[in-house]
1. Of all helices (runs of 4 or more DSSP H) completely enclosed by region 137-249, which ones contain at least 1 residues that are within 28 Å of residue 271 (Cβ to Cβ)?
2. Of everything in region 208-236, what is at pLDDT 90 or above and among the hydroxyl-bearing types (Ser, Thr, Tyr)? Give them in sequence order.
3. Give me the pairs, please: first residue somewhere in region 214-225 and within 10 Å of residue 281 (Cα to Cα), second residue anywhere and assigned to a helix (DSSP H, G or I) and among the aromatic types (Phe, Trp, Tyr), beta-carbon distance under 9 Å, and either six or more positions apart or on two chains.
4. For region 119-135, indicate whether the set of residues that are closer than 17 Å to residue 227 by Cα and either more than 20 Å from the chain's Cα centre (by Cα) or at pLDDT below 95 (or both) is non-empty.
5. Could you please give the count of residues in region 245-287 that are over 24 Å from the mean Cα position of the chain (by Cα) and of a type in the set (Phe, Trp, Tyr)?
6. Here's a check for you: in region 180-231, which residue that is more than 18 Å from residue 289 (Cβ to Cβ) and under 19 Å from the mean Cα position of the chain (by Cα) is surrounded by the fewest Cβ atoms within 10 Å (Cβ to Cβ)?
7. Give the residues of region 29-83 that are under 23 Å from residue 262 (Cβ atoms), among the acidic types (Asp, Glu) and either touching a residue at least 12 places away in the same chain (Cβ under 8 Å) or touching a helix residue (DSSP H, G or I) at 6+ places or on another chain (Cβ under 6 Å) (or both), sorted by residue number.
Amino acid sequence: MQITPVTEKIELTDVKHHIKKERRELLIRRFFSNKLALTGSIIILIIVLFTLVGPFLTSQDPYELNAKERLLAPSSEYLFGTDNYGRDLFSRVVHGAKVSVGVGFAVALITSLAGMVIGLYAAYFRSMDNLLMRLCDGLMAFPAILLAIAIMAALGPRVENVIIALGIVFTPYVARTVRSSALVVKEQTYIEALKSQGASATRIIWSNIAPNVISPLVVQATFIFADSIITEAALSFLGAGIPAPAPSWGNLLYDGKMVIFNAWWMTVFPGIAIMLTVLGLNLFGDGLRDLLDPHNNKAKK
């Protein structure tokens, strides 16, 4: 059989598809064998289902006041009991999940995009590196919660402002992570070859360096997701976060702190929701880091 250039191209394409398929299957097997990633993903899946399906499981209005039924203990009628205004706590926890998880996801997404841009350009252009990293160092010098409170005091208590404040707080951490990974990639031989061939900086940054920093960026984003949920809850607990009467897990803890000894359910159920969500994200992030970082895998072997 005579091998033509077309035949060689078809065979090469088949080999590439086969290699990609094997890599995908290997990654799936490694994922299911990684207990941290698997456990974290299961917890996250439960929280996501609770957030999306939960509102359909209750007919109670999370904003409806009923002074006659305030501070009722958990029962068949009120699964999580009622709060100090007679509102159904289960309904408020469910609707609060949308706010808290939504804020965490939005902050993780915004910080990932902004941190990636800052980190990549800081790593590639030495003239920008000093300015951008000193700005990040200045923001990181403040404790996260204090900086978030200061920004919220300037912007005002709104959901959008909470996302902006936490985005400003956590972007430097992502930028630092991306920059450190990009500096390693920048020193590779093929990057020098692209420069010598006259490739533009934009092409090198986004086509050759950016794909190689996705793995640490995704891992860092999971931790930012968890930290954002905790920080939002802390802001709301201190009265500087999501404004009442909108339900969020932090607001529910704030409402329950005055009656914690008489109505334990007002702090226990929102606290469990926060704990499980953060635990799932941290476990998933640790497992994902083990899967994507070859150095960790070699060290364990």
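The values are calculated or read from the model by the stated rules, or taken from the named source; none is laboratory data. All figures in this text were calculated on a predicted structure; none of them were measured in a lab. Positions of Cβ are generated from backbone atoms using ideal geometry, with glycine treated the same way; all protein chains shown enter the neighbour counts.
1. The qualifying helices (runs of 4 or more DSSP H) are 144-155, 159-186, 214-237.
2. Once the filter is applied, which keeps residues that are at pLDDT 90 or above and among the hydroxyl-bearing types (Ser, Thr, Tyr), region 208-236 yields 222, 228, 231.
3. The qualifying pairs are 222/284; 223/173; 224/170; 224/173; 225/105.
4. no
5. 3
6. Restricting to residues being more than 18 Å from residue 289 (Cβ to Cβ) and under 19 Å from the mean Cα position of the chain (by Cα), the top hit is 230.
7. 64, 69, 83
Per-residue answers, yes or no, for (1) modelled with pLDDT of 90 or more; (2) of a type outside the set (D, E, K, R); (3) on the phi > 0 side of the Ramachandran plot:
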{"position": "5", "(1), (2), (3)": "no, yes, no"}
{"position": "8", "(1), (2), (3)": "no, no, no"}
{"position": "35", "(1), (2), (3)": "no, no, no"}
{"position": "41", "(1), (2), (3)": "yes, yes, no"}
{"position": "50", "(1), (2), (3)": "no, yes, no"}
{"position": "67", "(1), (2), (3)": "no, yes, no"}
{"position": "93", "(1), (2), (3)": "yes, yes, no"}
{"position": "104", "(1), (2), (3)": "yes, yes, no"}
